[in-house]
Structure formats: structure tokens, C-alpha cells
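Student: One structure, as C-alpha cells, below. Some questions next.
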Amino acid sequence: MSVARPERIDRLLSIGAVILFGAAVAAVVRGHDQWRMVPVLIWAHLTTILVATALTPVMLLRVRGDRQHRTIGKVWITAMLATAITSLFIHVSGPGRFSVIHLLSFWTLFQVPLIWWTARHHNITRHRRAVHGMVLGALLVAGFFTFPFHRLLGNWLFG
């Protein structure tokens, strides 16, 4: 079995994931006085995204193609799907109203099964591109946009 070793893009995406994870954990710790006011749905969403973000560098930086990578990948995929599903029930702009960010949720619901399928069918090039796109778009870009615009983590982290 051939194994893929990390490339530069893997290292860059991993650095972004570590920074995002650290910022999110710092925000949660700083917001401890308001934890009771946060709905269970938001906690579920935050938990699943923290799991996916924490696993991203592990998944990208270690040798791939072995049983441990597949196991980590399954947990990561489950966390990403759960994140996307919970996000569909979060409506900041009003009950039942979707915002632009929900387009990313629908994209994730399509893309994550594709990541699994390409891995199962050994289409490694497509699998890697899909993972890189998901990490960049759904984790890093979306994640960093949770800090500005008076969102929960931004309010907790920056006051």
C-alpha cells in the first residue's frame, strides 16, 4: 500500500486549523460567564466543529492511507456532517430564515460524502482536493468569519 506524505498545502491548512482551534477555545474560556445562556443547539454545533478542527492537523500531517487515517477520517467526516446539519437549524437573521452562510452548509452536505466516496474508490487526487477545499472553505474561512460581525465567539474573545 502506498502512503501519501504531507505537502506544503497540508502544513498551511494545519497551521490555520491550529490557530482557529486556539482562538475558538480561548473564546469559549473567556465567555464562561455566559455559558448558561447558550442554547444546546449552539453547543452541539460548536462541539462538532471543534472536533473537526482539532482532527484536521492530525489528519493532514500524519502519514495517510493506513487504518488510523481512515478512522480519524470517519470521525472527521461525522463531525463535519453534524456541523452542517446543526447549522441548518441556527438562524441568526430570524426564525426559519437562511443566510448566505447556509449555502456553505448545503455544500458541506454534498461535499463530505464525496470525500468519503473518493477515498473508498481510491481516487486519491480528487479526495485530497476535496479535503483541501473543505478544510479551507468550511473550516478556515467560515471559522474565521465567526469572530467578526458580532457573532458569539467574537463577542466572547474580543469583548
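Student: Suppose only helical runs count, i.e. DSSP H with n ≥ 4. What mean residue ellipticity at 222 nm does that imply for the chain under -39500 (n - 2.57) per run, divided by all residues and rounded to the nearest 500 deg cm²/dmol?
Tutor: Mean residue ellipticity at 222 nm (helix-derived): -22000 deg cm²/dmol.
Student: Please give the helix 8-30 orientation as an angle from the longest Cα principal axis of the chain, in degrees from 0 to 90, rounded to the nearest 10.
Tutor: So the inclination is approximately 30 degrees.
Student: Using label points projected 7 Å from each Cα along Cα→Cβ, tell me how many nm separate I19 and N155, to one decimal.
Tutor: 2.6
Student: Order the peptides 124-130, 35-41, 151-157 from the highest to the lowest mean number of other Cβ atoms within 10 Å of their residues.
Tutor: Working: 124-130: 15.6, 35-41: 9.9, 151-157: 17.6.
Descending packing order for the listed peptides: 151-157, 124-130, 35-41.
Student: Given contacts defined as C-alpha pairs under 8 Å and at least six residues apart, what's the relative contact order of the chain, whole-number percent? Walk me through the intermediate numbers first.
Tutor: Working: 154 pairs, mean separation 48.2, N = 159.
Reported as a whole number, the value is 30 percent.
Student: Once fully extended, how much extra length lies between L88 and V100, figured as 0.36 nm per residue of separation less the alpha-carbon to alpha-carbon distance?
Tutor: Details: separation 12, 0.36 × 12 = 4.32 nm, distance 1.14 nm.
Contour length minus the Cα-Cα distance gives 3.2 nm.
Student: Still on this structure, please answer the following. Can you give the charge dipole size of the chain about its Cα centre, rounded to the nearest 20 debye, using +1 on the beta carbon of Lys and Arg and -1 on the beta carbon of Asp and Glu?
Tutor: Details: 16 positive and 4 negative charges, 91 e Å.
In total the dipole reaches around 440 debye.
Student: Further question on the same structure: Could you tell me how many degrees, from 0 to 90 and to the nearest 10, lie between the Cα long axis of helix 67-87 and the main elongation axis, the longest principal axis, of the Cα atoms of the chain?
Tutor: Long axis of 67-87 versus the principal axis of the chain: about 30 degrees.
Student: Separate question: Within the set of other residues whose C-beta is less than 12 Å from the C-beta of I72, count the net charge using Lys and Arg as +1 and Asp and Glu as -1.
Tutor: Details: positive: R62, R64, R67, R70, K74; negative: D66.
Value of the local net charge: +4.
Values quoted throughout were computed directly from the atomic coordinates according to the rules given, and no laboratory measurement underlies them. This one's a predicted model, so the numbers in the text were calculated from it and none came from an experiment. So basically every Cβ, Gly included, is an ideal-geometry build from the backbone, and we count neighbours across all protein chains shown.
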